[in-house]
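The values are calculated or read from the model by the stated rules, or taken from the named source; none is laboratory data. Computed from a predicted structure; not experimentally measured. Note that each Cβ is placed from the backbone with ideal geometry, even for glycine, and that neighbours are counted across all protein chains shown.
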């Protein structure tokens, strides 16, 4: 059993290292070889490893085929889709997931083939109230999903794989092309959700109750998420394994009572297991059968079977078999944060039990609970929370970029409270929905029970600490020390620890490499601009990306990158001009990173210094010289963009020219008033628009590298092909963030080295190769 489960688990994890899907004959060869090895050596591992690796590759290839069915560029289509997600009628539904029923193109585009196996993410502004199960005919622009790729922040392409989404559609209403409701069928889950929504409409913690009952968290606003993140309790607002286990326990108790009323026959020995799994399955179904609930269901099934049959498995065996079954059911779960958090947390608890040689509460007698026993139990719970804090560091850092130091304290009280008080009220309220009065009372009790938790975690706001990449060695050292001290006691393995200490000291004393001079980071912010100048743990930011309605690109892109490189405060913030795609995040950046100095060419910006020609400042051996505009204006437009040249103070080594959105006239004026202006690296003006990058400007500046910041599917078809050819005719290297992701340039005294983020993530098979 161990070899089989281990082979399946590792085989599916091969997806994480594939850059392309190998041909099938590779896998067939592996399977044949493993069969021969099994015949002679009775080794199950290789056989199941090769089988599961083949199944994983098959799933990946099927996914890519469905993605290839989606038009490469935005294409006008009319599609019939079924809404597949539960939606809250009290919240505007801008984005939702849907399953394609059929599609047709007005232009009869050749090769179009979308079927019910295609899942889409649909953007519909000003959408009506949508319900799960409805079928709509929608006029859309359909395209593949291409995300912004940076060294930190949200990854739309990985998220699409984890959700098995194949494309993105934007609803376009014009003339006779209007959405039509074809079927108003509403699923039972949506009907139950709507009924609970109505019962809890006047309750202050409605969003929390809906999250606990249905796993639907759209009602939580940004402030709620900040509180949950900072307190380390966000996992409580998902229907976790513990909640499913409680549902299983409730059903088990019902089954035990029911079995007493049935004839004492061997057949009815399975009654508690069946009723327990039924209740747990219903609760998991309400939650949408997410990855944590599926994991919990498998674990409940295994443990219940062992309990009923009297068999014995070790804890890690249960975990390994559960992992294998989960991957067989959902291979792409390995790209989901919930998958790693769920299994990793259980693995930490298993390690803890191995280190302690018993479960935390196992020594407490059932007949008495003295003060000493309660004290010991409390200490065990504290130890568990400390273990989770330390050993969950890698997962927390990889997925969220930081950790909450308040998590052990918050979870010590919040986990048992929510699990044993709030969740039972929620379960009973759902089970009594057919009695609205009783159900309403239970929902109110659940709402009251959340008061101390929600109000308590508000006191922990600000306890979140972002971890930069420089903390990686320390992070893994702490993990190794904790595991080593527990599983390999120092008294018995002192020579091992002395050897490790000796090697660590030698590593510290080893001469370090020549420090990096400075770094240019052109972030992939879609259509917009954000450039970070980074040196010696300090940074300057030029422009802040776009914003629309309540969404700010800076929040999902710039903030994570700055935190990833360890920046807590900006030295300078420079805003080129007032257009939203350049200044959209300036308020957020100013609040989060408190820049010491701020520059703008708009004199209406309070607290900003004038960014006009002649302004200079030195920063860590670099000189920043403003080349344009000549004066401040009341409303800085494209021609008034703040143009800054960056080079070392001694004017040696590569130079950088930041150009904002200057147009042809501004370029000619710039060249006229600065006849000796040159730069090795130039930010392509105005995202490569035809109105910029004149021949005169290029011949004057003579760059060797041109960087353009724009989105791959922008509405203005930027950059212009004519402009790109203009650069290439002069043998100037051209890089676009829309195609290569974040561009990072390491600059030293004599040269520079370019690194693109997509080239670093090319080992991932699902990345669009056509870019």
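Here are some notes:
- The set of residues from the stretch 279-318 being in contact with a helix residue (DSSP H, G or I) (Cβ under 6 Å, 6 or more places away or on another chain) and either assigned by TED's automatic domain parsing to the domain that holds residue 162 or closer than 22 Å to residue 429 by Cβ (or both) comprises 279, 280, 283, 284, 286, 287, 292, 293, 296, 297, 300.
- Tally of residues being within 20 Å of residue 684 (Cα to Cα), in contact with a strand residue (DSSP E or B) (Cβ under 7 Å, 6 or more places away or on another chain), in a loop (DSSP other than H, G, I, E, B) and touching a residue at least 40 places away in the same chain (Cβ under 8 Å) across the stretch 600-640: 3
- Among (1) in the same structural domain as residue 407 (by TED's automatic domain parsing); (2) free of Cβ contacts under 8 Å to residues at least 40 places away in the same chain; (3) surrounded by fewer than 21 Cβ atoms within 10 Å (Cβ to Cβ), the one test that residue 178 misses: (1)
- Test: residue in the stretch 401-415 that is modelled with pLDDT of 70 or more, assigned to a loop (DSSP other than H, G, I, E, B), within 28 Å of the chain's Cα centre (by Cα) and surrounded by fewer than 17 Cβ atoms within 10 Å (Cβ to Cβ): yes
Conditions tested, residue by residue: (1) on the phi < 0 side of the Ramachandran plot; (2) surrounded by fewer than 24 Cβ atoms within 10 Å (Cβ to Cβ); (3) in a helix (DSSP H, G or I); (4) in contact (Cβ under 8 Å) with a residue 60 or more places away in the chain.
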| residue | (1), (2), (3), (4) |
| --- | --- |
| 544 | yes, no, no, no |
| 557 | yes, no, yes, yes |
| 566 | no, yes, no, yes |
| 574 | yes, no, no, yes |
| 577 | yes, no, no, yes |
| 587 | yes, yes, yes, no |
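- Screening the stretch 54-74 for residues that are free of Cβ contacts under 8 Å to residues at least 60 places away in the same chain and under 16 Å from residue 26 (Cβ atoms) and picking the one that is surrounded by the most Cβ atoms within 10 Å (Cβ to Cβ) gives 57.
- Single unsatisfied condition, residue 14 versus (1) closer than 30 Å to residue 715 by Cα; (2) outside the structural domain of residue 118 (by TED's automatic domain parsing): (1)
- Residue check, residue 675 buried (at least 18 other Cβ atoms within 10 Å of the Cβ), at pLDDT below 95 and in the same structural domain as residue 581 (by TED's automatic domain parsing): no
- Of the strands (runs of 3 or more DSSP E) entirely within the stretch 84-176, those holding at least 3 residues that are over 18 Å from the mean Cα position of the chain (by Cα) and modelled with pLDDT under 85 occupy 95-104.
- The residue list 740, 754 contains one member that is modelled with pLDDT under 95 and within 22 Å of residue 558 (Cα to Cα), which is 740.
- Pairs, first closer than 16 Å to residue 3 by Cβ in the stretch 31-43, second assigned to a helix (DSSP H, G or I), C-beta under 6 Å, six or more apart: 31/50; 34/46; 34/47; 34/50; 37/46; 38/47; 43/37
- All positions within the stretch 138-174 that are more than 17 Å from residue 766 (Cβ to Cβ) and touching a strand residue (DSSP E or B) at 6+ places or on another chain (Cβ under 6 Å): 138, 139, 140, 141, 142, 169, 170, 171, 172
- The residues listed here are 286, 361, 341; of these, the one that is over 30 Å from residue 50 (Cβ atoms) and at pLDDT below 85 is 361.
- Residue satisfying condition, being in the same structural domain as residue 659 (by TED's automatic domain parsing) and farther than 22 Å from residue 534 by Cβ, within set 590, 601, 594, 576: 601
- Exclusive hit being assigned by TED's automatic domain parsing to the domain that holds residue 410, without any contact (Cβ under 8 Å) to a residue 40 or more places away in the chain and assigned to a helix (DSSP H, G or I), set 210, 228, 236, 249: 249
- In the stretch 311-334, of all residues being at pLDDT below 85 and in a loop (DSSP other than H, G, I, E, B), the one that is surrounded by the most Cβ atoms within 10 Å (Cβ to Cβ) corresponds to 313.
- Residue match in the stretch 273-290 (condition: in contact with a strand residue (DSSP E or B) (Cβ under 7 Å, 6 or more places away or on another chain) and touching a residue at least 24 places away in the same chain (Cβ under 8 Å)): no
Residue-by-condition table, conditions (1) assigned to a strand (DSSP E or B); (2) modelled with pLDDT of 85 or more:
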residue: 26; (1), (2): no, no
residue: 30; (1), (2): no, no
residue: 37; (1), (2): no, no
residue: 46; (1), (2): no, no
residue: 59; (1), (2): no, yes
residue: 63; (1), (2): no, yes
residue: 72; (1), (2): no, no
residue: 82; (1), (2): yes, yes
